[in-house]
Amino acid sequence: MNTADVIRLASEYLVNLSGHTFDVLDVSKPVTVNAAVNLAKVISKLSPLLGNLIEFNTVEFLNKQDDFAEFGTWQRQDPGFPDAIFVGNVQPTPGLEIKAWFPLATEITARFKDSQNHFQFDQTHVAILAWLPEKIIYGKPRILDVCIVSGLSVALARDTHYHNPPDYLVLEPEDTTQRTANLQQTNTNGYKFQGSASEFLEAQTIVDSWGLKPKFTSLLGNISTFYGNYFSRLL
């Protein structure tokens, strides 16, 4: 079994979780209409707690599958990226970044800042588990649907969308491989132009002088020309 096989098999098992109810917490049925209204107003607060519980239990679920036993085990990384890695005799190490999404929560997005370089072997995928209580605002958490995509595809789509010099720059992290694990950097950084209209035109002239718009990975050498002057006022 190789990395792609582990990811494929884990994806098949997770997709089959659609409709599954996790017995980790049960919100009682409101006894009155007013109680239901009040519960609906605060139900979003379930998101961080149950989201983490679902992520924990997803790792336990994968480890119950006999297909993985011969080759390794899934382990939760907290903190760390990705959320779960497959530790065993499969290299490069397969991983899953698990996002439990609660549609009624106040937050609607999740941060995904890891560099494309982190996914050079396409060894990490993103698993999005959408869930709701069984009865919308009460009951046990039930998985509505599961979506699993390549982490590389997410990073590429992010950079392609945002990187538009000089208006917005996506820069790769510095080489920190010689640092201890807790000081290594894998996240990209985004910089939004904050200058005046005339300054923007000047910056645009500099970018145009580079010829074809460079990809974000080749910017580090060129950006120093105007970085300090035009990007000191950041969001």
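The values are calculated or read from the model by the stated rules, or taken from the named source; none is laboratory data. Note that the coordinates shown come from a computational prediction; the quantities given were computed from them, not determined experimentally. Cβ: placed from backbone, ideal geometry, glycine included. Neighbour counts: every protein chain shown.
Structure summary
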read-out	value
Residue satisfying condition, being small (Gly, Ala, Ser) and buried (at least 17 other Cβ atoms within 10 Å of the Cβ), within set Ser18, Ser47	Ser47
Subset of segment 85-128 [small (Gly, Ala, Ser) and either touching a Phe, Trp or Tyr at 6+ places or on another chain (Cβ under 7 Å) or within 16 Å of Glu55 (Cα to Cα) (or both)]	Gly88, Gly95, Ala100, Ala110, Ala127
Tabulated pairs, segment 184-201, first farther than 28 Å from Leu152 by Cβ, second among the hydrophobic types (A, V, I, L, M, F, W, C) and loosely packed, with under 12 Cβ neighbours inside 10 Å, C-beta under 7 angstrom, 6+ apart or interchain	Gln194/Leu234
Some residue of segment 217-224 being within 28 Å of Phe119 (Cα to Cα), within 30 Å of the chain's Cα centre (by Cα), modelled with pLDDT of 50 or more and exposed (fewer than 14 other Cβ atoms within 10 Å of the Cβ)	no
Test: residue in segment 157-167 that is modelled with pLDDT of 90 or more, under 18 Å from Phe81 (Cβ atoms) and among the acidic types (Asp, Glu)	yes
